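Single-structure report; data block below.
The values are calculated or read from the model by the stated rules, or taken from the named source; none is laboratory data. Just so you know, these numbers come straight off a predicted model, no measurement behind them. Note: ideal-geometry Cβ built from the backbone for every residue, glycine included; neighbour counts use all protein chains shown.
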Amino acid sequence: MRILLVFLFGLHCLSLPILAQAPPPQASSDIYQSLKELNFLGRALYIAAHPDDENTRLIAYLSKEQKARTAYLSVTRGDGGQNLIGPELRELLGVLRTQELLAARRVDGGEQYFTRANDFGYSKHPDETLRIWDKEAVLGDVVWVIRNFQPDVIINRFDHRTPGSTHGHHTSSAMLSTEAFDLAGDPSSYPDQLDKVDPWQPKRLFFNTSWWFYGSQENFEKADKSNMITFDTGIYYPVLGKSNNEIAAQASSQHLSQGFGRMLQRGSENEYIELLKGDSFSSAKNLFEGVDTSWSRIEGGREIGEILYPVEANFNFKDPSTHLPELIKAHKLLSSLEEGSWKTQKLKELEAIILSVSGLFLEAVADEPSSYPGGTVAVELEVLNRSKNRVSLSSVALTSIPEKSYNKLLEDNQKFSETLSLEIPGDASYTSPYWLNEKGSLGMYKVEDRSMIGQPETPREFKAIFTLDIEGYQIRVTRPIIHKYSEPDKGEIYRPFEILPEVTARFSEPVFIYTNGYPHLIPVRIRANRDNLKGSIALETKDGWKTEETSIPFEIANKGDEITVNFSLSSPTTESESEIKPVISIEGKKLSRELVTIDYDHIPTQSVLLPASAKVVRLDIRKAGENIGYIEGAGDMVPESLRQIGYKVSMIDPATIQTGSLDKYDAIVVGIRAYNVVDELRFKQPFLFDYVKKGGNLILQYNTAGRRDADMDYLAPYPLQLSRDRVSDENAPVEIIAPEHPLVNKPNTISQKDFEGWVQERGLYFPGSWDKAFTPILSMHDPGESPKKGSLLVAPYGKGHYIYTGLSFFRELPAGVPGAYKLFANMLSLGNKSRTEKQATKG
């Protein structure tokens, strides 16, 4: 039998499940749960489109009640969503949401996989989705994951039969899964995969339906359920001290960037899955009916089951180590079997149980969080036997250095530690999300190494392999090298051990806007990842952009330190968009990477290496007013963008808003989804309206109705009803339907040209109805849809102006879209006098 690449899938998930997380405590109840899962040989694959689409209730139920090896295939990494907790968008948001999925799986017991599809933003129809994604490539990825994971059953989150009724990504995920169900077992489909995997035909394909898909509870109650299986996912697990729905809520709450933090749920709750394809089932309606999920499933497995089933039935919760002889005997038998996916997976599961019942603690901790190719790091080994079992440490091998023998008897609860020197090879790969290593397209990430496709993250190259002698039987255990430290207010903290370039560079801003012909100083931050760094840096320019300096020498004494160098950059005399790149020269090497660190408490710290670059824009723009107050919402980079064009932007704490406190501002801008995330704002709304009434200019960016506040009827001084209307095509035609309005004439004349070059979308969550006091400024629509006129609304109120906009300025301004800057400047200028007008008034 071919040694399948599924081994890599299993090894990755089993050997690195807690990367940069404190080792989870293994109580007797946890070991018992693991033993029950060891004794079940069945697999289930859940498929949907995005992080947070997965049904954690069903995943937890399949994993913890059915005991099946369960995985979630998210077709995308959620790169096109919004971020409620920080500034990360696009590919950085994809990294964050990937880790949130992994955190969720650590709670509900599932595993995690992906395709190469890029979440390009909201799509209204699968035709558009599959065209942008490259259907054949993504379908091949789904087939690839099925052939590797080898599920007995597949469950779709969405209905493949209803295109156009929901997000195009949602329907597409189900359509791809339905097609892949047949293709995975066909050797003529994607034959290029078959040098690594065998064809695999799952037994059944299901749709995870609910009343929501039928429109109402009443309709669902009337529906024919003869082809459905029903699960009560509210089941309580006495051994775990939790119900399934409590576990599911904890898992779902890991999606914090999407605002999924939720209360724990308890009590009975039914889930329904409808059979779409594959074998029918009897009246018992067993998900795995017809599948041998016992140890007899694999040749030679019956004897193993005869050992392990009694261990499960007579498990000693008080002293699990009494089962060690039987566990070792089962391990010997399993090791002797012919290679195959079940052998690989079950060996790892069994080894983990053996270590747990033995109370063994194994760690390899680097004294620094990162090193570089050619560097050296100290690694402290910690080995502890917390049982009466006879355990010896035979040897330890660190990646890239020879194995070291110890033959050290580990006395009960007596820690053994030693520090080894790890030399990083000069050709070691950098640690960064593998799918970002090369530039992809709008709809697809580029991944050349087929073995990486499907993997949730980049496997860590540097590991420690401990060879242990447990009661006369040798077992080899792999642990990733990690870094840990403590902070007074947080305690012990784990971090991944990273390989980073010796030096990285980043610009202070992603975009530099030139509004006049004068040279600008462009600050570049240089960060050292080693001591005693010397080199020079140059700025690579094109399209008529020029620097005064050919290169600038620099020295950095200590690892981790940063310095700033400034280049004087001149722009062309006419409007222009271009790109600049820093190029660092050290010891004959040229480096041009930016290091982005994503650091939140609920996920491991992520180091992301991106090409270091910035956009430069020569823009002829006029504006009136200069003092802007900004109330932050879910997090965006609009304030920094406004400072780029010369505004003085002050951040306003809603708690400080009171009568008269806002009068000093020429305009006030409220950040995206502010009313969704800042409860206090609704109580401060009278002060904002009073500011407008006295002559102020208030701009509200988009919010969503129906999440925390269904009506949002307090947002505007006149009736305004939010909807889910959006224009997802960033190139959709835009009509200016109020051509005489000052908003499109002063101080910048807005034309069709100003809607060119927009990214990801036009806008989202437009108001669907509004009072006649509002003037709609623009009309736009996606292909085949009716015109949407709610993207930009303005109304006079007292002496001032109230503006509500669903246009995606939070994406366009950081991307340096010239027309978006001009339109936003007009919004800020409404009712304000320009500098020229003020001078004329004084004269």
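Only residues that are in a loop (DSSP other than H, G, I, E, B), over 31 Å from the mean Cα position of the chain (by Cα) and at positive phi: list them for the range 263-308, please. Matches in the range 263-308: 285, 290, 300.
Counting only residues that are surrounded by fewer than 20 Cβ atoms within 10 Å (Cβ to Cβ), in contact with an Asp or Glu (Cβ under 6 Å, 6 or more places away or on another chain) and farther than 13 Å from residue 65 by Cβ, the range 228-252 holds 1 of them. Filtering 643, 622 for residues that are part of a loop (DSSP other than H, G, I, E, B), over 26 Å from the mean Cα position of the chain (by Cα) and either of a type in the set (Ser, Thr, Tyr) or surrounded by fewer than 20 Cβ atoms within 10 Å (Cβ to Cβ) (or both) leaves a single hit, 622.
Just name the residue that is surrounded by the most Cβ atoms within 10 Å (Cβ to Cβ) out of those in the range 23-42 that are among the polar types (S, T, N, Q) and over 30 Å from the mean Cα position of the chain (by Cα). Step by step, filter the range 23-42, then rank; the result is 39.
Where strands (runs of 3 or more DSSP E) fall entirely within the range 367-447, those with at least 1 residues that are among the β-branched types (Val, Ile, Thr) are at 376-385, 391-398, 416-423.
Which residues, taken from the range 515-535, are at pLDDT 95 or above, over 30 Å from residue 426 (Cβ atoms) and either buried (at least 17 other Cβ atoms within 10 Å of the Cβ) or touching a Cys at 6+ places or on another chain (Cβ under 9 Å) (or both)? Of everything in the range 515-535, just one residue is at pLDDT 95 or above, over 30 Å from residue 426 (Cβ atoms) and either buried (at least 17 other Cβ atoms within 10 Å of the Cβ) or touching a Cys at 6+ places or on another chain (Cβ under 9 Å) (or both), namely 522. Yes or no: the range 157-166 includes at least one residue that is closer than 20 Å to residue 287 by Cβ, in contact with a His (Cβ under 7 Å, 6 or more places away or on another chain) and not in a helix (DSSP H, G or I). Yes, the conditions are met somewhere in the range 157-166. When the residues of the range 317-355 are filtered to those that are free of Cβ contacts under 8 Å to residues at least 40 places away in the same chain and either in the same structural domain as residue 151 (by TED's automatic domain parsing) or not in a helix (DSSP H, G or I) (or both), the one that is surrounded by the most Cβ atoms within 10 Å (Cβ to Cβ) is 337.
Residue count for the range 448-457, restricted to those that are in contact with a Ser or Thr (Cβ under 9 Å, 6 or more places away or on another chain) and outside any loop (DSSP other than H, G, I, E, B): 1. The set of residues from the range 536-574 being loosely packed, with under 13 Cβ neighbours inside 10 Å, touching a strand residue (DSSP E or B) at 6+ places or on another chain (Cβ under 6 Å) and polar (S, T, N, Q) comprises just one member, 564.
When 120, 114 are checked against the criterion of being under 22 Å from residue 785 (Cα atoms), assigned by TED's automatic domain parsing to the domain that holds residue 68 and of a type in the set (Phe, Trp, Tyr), a single residue qualifies: 120.
Residue check: is residue 241 in contact with a Pro (Cβ under 8 Å, 6 or more places away or on another chain) and on the phi > 0 side of the Ramachandran plot? Lay out the reasoning, then the answer.
Details: in contact with a Pro (Cβ under 8 Å, 6 or more places away or on another chain): no; on the phi > 0 side of the Ramachandran plot: yes.
No, not satisfied.
Looking at the range 125-146 only, could you name the residues that are farther than 21 Å from residue 166 by Cβ, in contact (Cβ under 8 Å) with a residue 60 or more places away in the chain and assigned to a helix (DSSP H, G or I)? Spell out how you get there, then give the answer.
Looking only at the range 125-146, we keep the residues that are farther than 21 Å from residue 166 by Cβ, and these are 134, 136-137, 140-141, 143-146.
Imposing the further condition that a residue be in contact (Cβ under 8 Å) with a residue 60 or more places away in the chain reduces the set to 134, 137, 141, 144-146.
137, 141, 144, 145, 146, listed by residue number.
Just a yes or no: is a residue in the range 177-193 within 30 Å of residue 285 (Cα to Cα), among the hydroxyl-bearing types (Ser, Thr, Tyr) and buried (at least 23 other Cβ atoms within 10 Å of the Cβ)? Among the residues of the range 177-193, at least one is within 30 Å of residue 285 (Cα to Cα), among the hydroxyl-bearing types (Ser, Thr, Tyr) and buried (at least 23 other Cβ atoms within 10 Å of the Cβ), which makes the answer yes. Applying the criterion of at least 2 residues that are closer than 20 Å to residue 811 by Cα and not basic (Lys, Arg) to the strands (runs of 3 or more DSSP E) found wholly in the range 663-782 leaves 667-670, 697-700, 720-727, 763-770, 778-780.
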